Each structure stands twice: as C-alpha cells, then as structure tokens.
Amino acid sequence: MSAFAFRSPHVAPEVEHQPTHAAVPVRRRRWQLLLAADALGATVAGWMLLPGDLVPGPTLIVAFALVWIVLLGAARSYDPRPVPTRGDLARFALAGIHLVAVGGVLNGITTLTLPSDDLVAASAAVVVGSGGMRYASSLRSPRPTRVVLVGHRRPVRRLVDELQASAQVVVVGVCVAGPKGCSGFVLPTAPGFTSVAALARTHQADCVVALPCRHLDPTSLRRLGWLLERDQVDLLIGPGLHGVDSGRAALRRTGDLSLLYVRHADLTGPRRVVKQLWERGASAAALMVLAPLLLVLAVLVRLESPGPAFFHQPRVGRDGAVFSIHKLRTMHVDAEEQKDALHASNDSDGVLFKMRQDPRVTRLGRWLRRTSLDELPQLINVVRGEMALVGPRPPLPGEVTAYDEDAMRRLAVRPGITGLWQVSGRSDLPWAATVRLDSRYVDNWSLRLDAWILLRTVPAVLRSRGAY
C-alpha cells in the first residue's frame, strides 16, 4: 500500500499508485520554452548593445542574462500555467522595472568605460521582447482545462451541470463520496480518493477540483495533494462561491489557518464618485450632440401615431427610489389599457412582461427598439443622477413587488441604460439569468467592467438580439 494511502468511510478501497510522468500535459513545458527564449533574448540584446571593449565583456553579458532570469523566477513568471493571468503580467512588468533599474545602476558605476545608457537600452530591449512574447501568449485561445471533480454527490452533480455550458472547462472524471458513490454518473469515475491521481493521469487532467465535505477533511486533502504532485496535477479547492471575480478573493492567513477573504462590493467610495461624474458629464455632452437627431425622431413619432413623442413611466432606482424614466414613445397611447388582455401571451418566464410580436408597438417603434434609439432620452435621467450609463435594467414598481432576495440586489446601485443583461441577450434571456447577470455586475463592479460593457454595447445594438 502507498505510504500516503488513506480511507474514507463510504469510498471503495484505494488503488495502488504507480507514479509516471509520461502523460504530463504539454502545457507544463511552457515555462521551459519561456526560460530558453528569455535567456537567448537577453544574451542577444547584451551582445548587440553592450560594448565589446569592456573587460571581461562576455562575463557582463552572461551576468546580464542571469539577472533577468533570476528576476523573472522571483516574480513567478515561470509558473506552469497554460496562459498568463493579469497578475502574472503585472509581476512581469515589476521584474522589468527592476531590470531597468539594475541597468541604470550598472551604467552609473561603469560610466567611464561604457557609452551612456547602453545597459539601460539593453534592459529595455529585453523587457519589451519578453513582454511581447508573454502578451501574445495571453491572447491565444487556450485549450479547455481538463478537470476531475472530487466531493459529495450533490455539489459534484451541480458543478458538472454548470461546467457543461462552459467552453473553457471539460470535466473528464469524478470521484464521489457517500453511500451511493459514483453511481448514476456517465463520466469516468474513481473508486476511491487515492485512485483520483490515477484517473487524472489516465485522462490527462490539468487539475483536480475538490469540493470539501465531511469525507474530505484537511488531512485527506493534504494527502490527496501528495498523490497529485507526482504527476504535477494541480489541486484546487472549490470554496462554493458563485459570481465572485478573482479580484475580490484572496487568501488570508489567520493563525495556522489559510482562509479565503472576499472583499465587499464597491457600492460607495471614490471610484463610485468618478463613475457618476464622468457618466453625467459624458451624457450631457451626448445630449447636446444628439439633440438634432432626437428632434427629428420626435417629429417622426408624432407623425406616425397620435399622442406625445416622449414616453414617461415610473421606474425604481437605487435603494428603491422611484423616478420617471424618459423614452421615445414606441407604442400606441392606450398600450397600458391593453396589457391585461395580452398577459396570457407573455414571452418572459419571470416578472417581466415581454412579447416578441407585441401588437401595441407601432411600425416606427419596432425600428426604434431594434436600434435602441428609443432609449436615448434616458441620457436626461443620467444627467439628473437617477440612472447610470451602465447598470442593471430599471424595473417597474409592480415588478419590484415580486422580487425575491436575490433580485432585490439589483437595486443596490443606479440602474443603467446598458448593462450585462443587454450585451448578453436582453429580452431573450430567462429571468433567472437576468438576475444572475445583474447581481454579478453589482458585486464585481469596476470601472474596467463598465468600459468592457460599453464596448460590447455597440455590436449588441447592431445585432439587435433580444430587442423587442
């Protein structure tokens, strides 16, 4: 029996582990290629930029390359990851700053024999070359991550169902603890925790995701890690958190425990002030530029059907505050009176009322909705501070009365003209997906996320998906 073997009360006996490195994924060799490329690039840059009359010249070139390799190693730039993360690139940039600083110091020390800025130029050339290679590596499409799931039956089943919709992760096997074991799973299975390593090796898994349960105590997890490290298969612990971006989570040491810290959402603070200031300013400028277009559209609305050009309706904003939203009218004036008769034709599965072929919508109104031009007057709401450019969809008061606790989270911030719901499908989304997207936006908000949504809004509007 393996020295690291362990038993769980409801798992089949362990299988003897035969370590092998034949099936280590190719991605594990990435750090070796980067190491060779960095060494070659630093040597070539040193040979081209450093003076040949320096004694001993080759020694300085080799030392220069070694300094770069050591700095990158200290920055964990050679960790075996398939694609560098933002944190990896940030550490790489810091290592580059250190190399340029070292070059500047050496340049100052050897200023009597070296032409000015040679070492600094060599450092910058190496940083730019290596950085470009890593940036190109981060842009390529990685193959899906192959994972084995370990844990109790219910959370494993739930996670398998969630990951089936992902193109970035492929579940290649499971090991389920409990009285029923792995029965009912069509995936390859392991008869015991100690055979998980063999399962991961057979199916060339990149990592094992353990979902802690009463059968997977800290000692069992530690021993599982010992078995996996022989094949360089990563061990990940699933904390059970959903909709939490990596920037909000970090390990925190408390005594002898490593605990997962989750930062609260940024609902107030300086960044929120910046968001409101720039959005109100940008909306005011957009209103002045778009005023002639709004005037033309208002005239067309009045010409097509009797009634006002603009539509005003109460909506619920941040913390339940009610305000009047402004839109170009896209329906006949008696649309609200007809709503009850059309309730049976609702195409939405939640509290929203949406019809793909709504008879209340005018011909011009369908075009305005398809192009989202009917929402331009909402810029007035943004200038007044009632709405934001980016945020959850502004709900009706009647819809809010049907909200559950999760849906109420949408009211923690100002509603937006666009948002994750719009760039992800708008009215085509089921109600549960809409709530999940809006909650994710509220919890993980950042100025960078707003910029990403705004960039995605243009193609979403052009495709007109879910606009009816």
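The values are calculated or read from the model by the stated rules, or taken from the named source; none is laboratory data. Since the model is a prediction, treat every value here as computed from it, not as a measurement. Heads up, the Cβs are rebuilt from the backbone with ideal geometry, glycines too, and the neighbour counts pull from every protein chain shown. Side chains included, ligands, DNA and RNA excluded: accessible areas come from the protein's heavy atoms. Shrake-Rupley method; radii C 1.70, N 1.55, O 1.52, S 1.80 Å.
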Checklist (1) over 21 Å from SER246 (Cα atoms); (2) at pLDDT 90 or above; (3) touching a strand residue (DSSP E or B) at 6+ places or on another chain (Cβ under 9 Å) applied to MET408, failing item: (3)
Given (1) out of contact with any helix residue (DSSP H, G or I) (no Cβ under 7 Å at 6 or more places or on another chain); (2) at pLDDT below 90; (3) open to solvent by less than 80 Å² (accessible area, probe 1.4 Å); (4) charged (D, E, K, R), ARG253 misses just (3)
ARG263 being basic (Lys, Arg) and open to solvent by less than 80 Å² (accessible area, probe 1.4 Å): yes
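This table checks each residue for (1) at pLDDT 80 or above; (2) touching a Ser or Thr at 6+ places or on another chain (Cβ under 7 Å); (3) open to solvent by 40 Å² or more (accessible area, probe 1.4 Å).
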| site | (1), (2), (3) |
| --- | --- |
| SER130 | no, no, no |
| MET133 | no, no, yes |
| ARG143 | no, no, yes |
| VAL148 | yes, no, no |
| VAL174 | yes, yes, no |
| PRO179 | no, no, yes |
| PHE185 | no, no, no |
Can you name the number of the only condition in (1) in a helix (DSSP H, G or I); (2) among the aliphatic types (A, V, I, L, M); (3) more than 25 Å from ARG272 (Cβ to Cβ); (4) open to solvent by 40 Å² or more (accessible area, probe 1.4 Å) that ALA402 fails? (1)
Every residue in the range 237-249 that is open to solvent by less than 90 Å² (accessible area, probe 1.4 Å) and under 30 Å from ALA388 (Cα atoms), please. LEU241, GLY243, VAL244, ASP245, GLY247, ARG248, ALA249
Every residue from the range 215-236 that is open to solvent by 20 Å² or more (accessible area, probe 1.4 Å) and in contact (Cβ under 8 Å) with a residue 24 or more places away in the chain: THR219, ARG223, TRP226, ARG230, GLN232, ASP234, LEU235, LEU236
Would you confirm, using the coordinates I've provided, whether LEU295 is open to solvent by 80 Å² or more (accessible area, probe 1.4 Å), assigned to a strand (DSSP E or B) and hydrophobic (A, V, I, L, M, F, W, C)? no
Given the conditions (1) open to solvent by less than 90 Å² (accessible area, probe 1.4 Å); (2) over 19 Å from PRO212 (Cβ atoms), report the number of the one that THR268 does not fulfil. (1)
Could you tell me whether the range 349-362 includes any residue that is part of a helix (DSSP H, G or I), touching a helix residue (DSSP H, G or I) at 6+ places or on another chain (Cβ under 7 Å) and either surrounded by fewer than 18 Cβ atoms within 10 Å (Cβ to Cβ) or modelled with pLDDT of 90 or more (or both)? no
Being modelled with pLDDT of 70 or more and β-branched (Val, Ile, Thr) narrows it down to one of VAL83, VAL105, VAL160, so name that one. VAL160
Go through the range 371-392 residue by residue and tally those that are in a loop (DSSP other than H, G, I, E, B) and at pLDDT 90 or above. 8
